[in-house]
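Worksheet: one structure, shown below.
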Amino acid sequence: MDRTAPADQTATPTPSGAPVPDASALLDGVPRQRAGGRVPCGTAGPDVREPAAVEEPRLRAPRVWRLLPTPTGTPFTFGYGIVLCLTSLFSAYADPALMHALLQGSSTDVAHLVRTPELVLVGSALWLAGGVASPFAIGFVLVLTALERRIGGLRTAGVFLFGHVLATLATEVPVGLAVLAGQLPQSSLHRLDYGVSFGVAAGTGALAGLLPLWLRVPLLAGFGGMLLQDLLALTDPLTNWGHLIALAIGVATWPVLRRWRVGRTASPGPARD
């Protein structure tokens, strides 16, 4: 039997053309649709906000200042660089006779190495051959800064001294033996040999082992090619051979440096600039 709906619940047809009443107040549980976007499925409530737009990742500009030494980030390179700047300033304005005497007393020739090896090995590394604008002076700043940021100051100093000392002995000891054998004159025991180039060459070879392949190959090819050109020019064969030997010494340190870098990355210290 059909049931008749109560009179107050009987649906009254809406006249044609009459405005439709706003029914949102009757449906509090249904959020209003905002123009230009969809409401995520499963959300409820009148104060639903649109999800924030996802920002595209920005490409960070390279921090060029990290190529230069800083007192806290690279204390060894920064402090050593200050000393070299002071000695270069002194050599530019000091009396030429005084400077010749100082450089001769710091020279790592055979005669000085036999008498005072410790003094001349340290003293020779306090001067820049060619001044602050020389290629090895610029290489000192860039190479040692990059190396120190990767393995620390003490280890960078060790690589520098290792290359400086071994390359010096590798070039001067054969000269001394040749003089004893009568193959070279006695004057070969006395020569002017000073500067940081052996240490920089060793640091360059060491740094190459810590760089990705696409940077390592151009660095070794470019720097090694420059050293070979100097050697073929025969301007100073003994020093030129020392540069190549120092570069090879730096390359030989790759296994140790990579272990050092892994240990440094595994237990990082406080962040520094």
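The values are calculated or read from the model by the stated rules, or taken from the named source; none is laboratory data. Model, not experiment: these values are computed from the prediction. Reconstructed Cβ throughout: ideal geometry from the backbone, glycine too, with neighbour counts over all protein chains shown. Note: areas computed on protein heavy atoms with side chains; ligands, DNA, RNA excluded. Shrake-Rupley method; radii C 1.70, N 1.55, O 1.52, S 1.80 Å.
Being within 29 Å of A252 (Cα to Cα), part of a loop (DSSP other than H, G, I, E, B) and in contact (Cβ under 8 Å) with a residue 12 or more places away in the chain holds for only one residue in V165, V120, V132, V159, and it is V132.
Take L257 and decide whether it is modelled with pLDDT of 90 or more, within 16 Å of the chain's Cα centre (by Cα) and within 20 Å of L144 (Cα to Cα).
Values: modelled with pLDDT of 90 or more: yes; within 16 Å of the chain's Cα centre (by Cα): yes; within 20 Å of L144 (Cα to Cα): yes.
In short, yes.
Of the residues making up region 209-239, those that are of a type in the set (A, V, I, L, M) and closer than 23 Å to L169 by Cβ are L227, L228, L231, L234, L238.
Test G176 against the criterion of being within 21 Å of L257 (Cβ to Cβ), open to solvent by less than 20 Å² (accessible area, probe 1.4 Å) and either at pLDDT below 95 or not in a loop (DSSP other than H, G, I, E, B) (or both), and give yes or no. Considered against the rule, which asks whether it is within 21 Å of L257 (Cβ to Cβ), open to solvent by less than 20 Å² (accessible area, probe 1.4 Å) and either at pLDDT below 95 or not in a loop (DSSP other than H, G, I, E, B) (or both), G176 comes out as no. Considered as a group, the residues in region 155-176 that are in contact with an Asp or Glu (Cβ under 9 Å, 6 or more places away or on another chain) and aliphatic (A, V, I, L, M) include one that is farthest from S188 (Cα to Cα), and that residue is A157.
Among residues belonging to region 102-112 that are open to solvent by less than 30 Å² (accessible area, probe 1.4 Å) and touching a residue at least 12 places away in the same chain (Cβ under 8 Å), point out the one that is farthest from the chain's Cα centre (by Cα). Break it down stepwise before answering.
Of region 102-112, the ones open to solvent by less than 30 Å² (accessible area, probe 1.4 Å) are 103, 106-112.
Then drop every residue that is not touching a residue at least 12 places away in the same chain (Cβ under 8 Å), which leaves 103, 106-111.
Numbers: L103: 32, S106: 31, S107: 31, T108: 30, D109: 33, V110: 36, A111: 38 Å.
The selected residue is A111.
Take region 189-217 and flag every residue that is of a type in the set (A, V, I, L, M, F, W, C), over 17 Å from the mean Cα position of the chain (by Cα) and open to solvent by less than 30 Å² (accessible area, probe 1.4 Å). Let's see the steps before the verdict.
Of the residues in region 189-217, the ones of a type in the set (A, V, I, L, M, F, W, C) are 189, 192, 196, 198, 200-202, 206-208, 210-211, 213-215, 217.
Okay, now just the ones that are also over 17 Å from the mean Cα position of the chain (by Cα), so 189, 192, 196, 198.
The answer is V196, F198.
Taking region 218-230, which residues are over 13 Å from A248 (Cβ atoms) and either open to solvent by less than 50 Å² (accessible area, probe 1.4 Å) or within 16 Å of the chain's Cα centre (by Cα) (or both)? So that I can check it myself, show each step before the final result.
Of region 218-230, the ones over 13 Å from A248 (Cβ atoms) are 218-219, 221-222, 225-226, 229-230.
Listed by number, the residues that qualify are P218, L219, G222, G225.
Contact annotation: residue pairs with Cβ atoms under 6 Å, 6 or more positions apart or on different chains, pairing a residue in region 83-98 that is under 18 Å from F140 (Cβ atoms) and part of a helix (DSSP H, G or I) with a partner that is open to solvent by 80 Å² or more (accessible area, probe 1.4 Å) and modelled with pLDDT under 95, are S88/V132.
Here is a yes/no grid of residues against (1) among the small types (G, A, S); (2) under 21 Å from H164 (Cα atoms); (3) at pLDDT 95 or above:
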position: V196; (1), (2), (3): no, yes, yes
position: A206; (1), (2), (3): yes, yes, yes
position: A221; (1), (2), (3): yes, no, yes
position: L234; (1), (2), (3): no, no, no
position: W241; (1), (2), (3): no, yes, yes
position: T253; (1), (2), (3): no, yes, yes
position: A266; (1), (2), (3): yes, no, no
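Residues in region 142-169 that are of a type in the set (D, E, K, R) and open to solvent by 20 Å² or more (accessible area, probe 1.4 Å) were compared, and the one that is nearest to G199 (Cα to Cα) is R155. Selection of region 54-101 for residues being at pLDDT below 80 and either of a type in the set (S, T, Y) or open to solvent by less than 90 Å² (accessible area, probe 1.4 Å) (or both) yields only A61.
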